[in-house]
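Heads up, the thing below is written out as structure tokens.
The values are calculated or read from the model by the stated rules, or taken from the named source; none is laboratory data. For clarity, every value in this text was computed on a predicted model and none was experimentally measured. Positions of Cβ are generated from backbone atoms using ideal geometry, with glycine treated the same way; all protein chains shown enter the neighbour counts. SASA here: full protein model, heavy atoms, side chains in, ligands and nucleic acids out. Shrake-Rupley method; radii C 1.70, N 1.55, O 1.52, S 1.80 Å.
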Amino acid sequence: LLACLDHACGMVGGQLPARSNPSWLVLFNTRILSQPADPQAVRVISELQNHANFAQAAPLLQLSLSDPRGVVVARRSFPPSAYLAIGQPSTIAAGGSEKVILDLAAPGKSAVGFELKVVAARSQINP
């Protein structure tokens, strides 16, 4: 059905909106590394895997930093342009993965834990 709709839209000069389901985008192998050349900076590295059977636009990512009690002390969202390398595609192929790199100022001694997750506005979720 989707192929028929896509073909029909193409015949009248239209295009179906890109499919998106951020719940099928999974981060793995996430780690924070110190920057030996700059003690005031850290690098967050992860892999972003698309488990969907269709290509998806790279999502918004959210990084939360927490103190020793687990209380969030900082939170920031990053668009794809902040974590994908220049020239890296902004679409993740079906079953594909892309490397995520975030270079940040060191968070200070109060932040000892972190969480990196995929986030999206409700309007971006179309199964």
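Worth pointing out:
- Between amide H atoms placed 1.01 Å from N, distances below 5 Å from S20 occur with N126, all of them 5 or more places distant or on a separate chain.
- Sequence of I92, I101 when ordered by accessible area, the most exposed leading, probe 1.4 angstrom: I101, I92
- Cβ crowding within 10 Å averaged over residues, with 85-91, 60-66, 110-116 ranked highest first: 60-66, 110-116, 85-91
- Solvent-accessible surface (1.4 angstrom probe) belonging to K117, in square angstrom, nearest 10: 80 Å²
- Note on the stretch 48-118: Cα Rg divided by 2.2 N^0.38 Å, N the number of residues, gives 1.27.
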